[in-house]
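Notes follow the structure.
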Amino acid sequence: MTQHDSGSRPVHIPTAEYPITVTPTGRHVTVRVGGEVVAETDHALTLQEADRPAVQYIPMDDVNGELLSRTTTSSYCPFKGDAAYYTVTTAAGQTVADVIWTYEQPFPAVAAIAGHIAFYPDKADISVGQD
């Protein structure tokens with residue numbers, strides 16, 4: 001099902017053919033960038049979008065905000081909304097651009113991910129239940 005927002009961009013609603021679920025991960029999640037712990041939580045959410053790899057969304061409160069700087073990068077997902085991005089600069093000085101994305105005002109179908117961030121798995125080491 002497709003709707004349109006006021007900007008005339010498509011808004012898709014998850015369906016049985018293209019499901020999206022958001023559930024508590026239920027395990028400890030640690031995220032490292034350049035070997036340094038950037039986020040650690042027992043309160044992650046797992047977003048499963050159709051047959052794509054599951055994504056861990058970490059509460060912003062469980063992220064070392066001192067290492068983050070917001071960038072001008074943005075994107076749009078018709079299922080989730082507008083995404084903002086962050087760069088991480090580790091204490092050792094390593095900078096990884098746009099390693100994080102977040103939906104600050106996600107669409108109702110995925111409203112639970114508000115206040116959470118996700119990391120690109122090719123730019124960060126995401127461990128679930130292993131630490």
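The values are calculated or read from the model by the stated rules, or taken from the named source; none is laboratory data. None of these values were measured; they are calculated from a predicted model. Reconstructed Cβ throughout: ideal geometry from the backbone, glycine too, with neighbour counts over all protein chains shown. Quick note on the areas: whole protein, heavy atoms, side chains included, nothing else; ligands and nucleic acids left out. Shrake-Rupley method; radii C 1.70, N 1.55, O 1.52, S 1.80 Å.
Look at (i) 61, 26, 24; (ii) 55, 43, 24; (iii) 46, 32, 23: the one that is Cα extents along the principal axes in Å derived from this structure is (iii). Residue by residue, segment 79-86 carries 3J(HN,Hα) couplings of 9, 10, x, 8, 10, 10, 10, 9 Hz when phi is fed to the Karplus relation 6.51 cos²θ - 1.76 cosθ + 1.60 (θ = phi - 60°); x denotes Gly or Pro.
Under 5 Å between amide hydrogens, built in the peptide plane, is the criterion, and for Ile20 it picks out Thr15, Ala50 among residues at least 5 positions away or on other chains.
Rolling a 1.4 angstrom probe over the protein heavy atoms with all chains in place gives the chain an accessible area of 54 Å² per residue.
The share of accessible area on the chain that comes from carbon and sulfur is 51 percent, using a 1.4 angstrom probe.
Charge dipole (Cα centre; +1 on Lys/Arg Cβ, -1 on Asp/Glu Cβ; no other charges) of segment 60-131 amounts to roughly 220 debye. Mean separation of Cα pairs under 8 Å and 6 or more residues apart, divided by the residue count, gives the chain a relative contact order of 24 percent.
Under the convention that each Lys and Arg Cβ holds +1 and each Asp and Glu Cβ holds -1, the size of the dipole of the chain around its Cα centre is about 240 debye.
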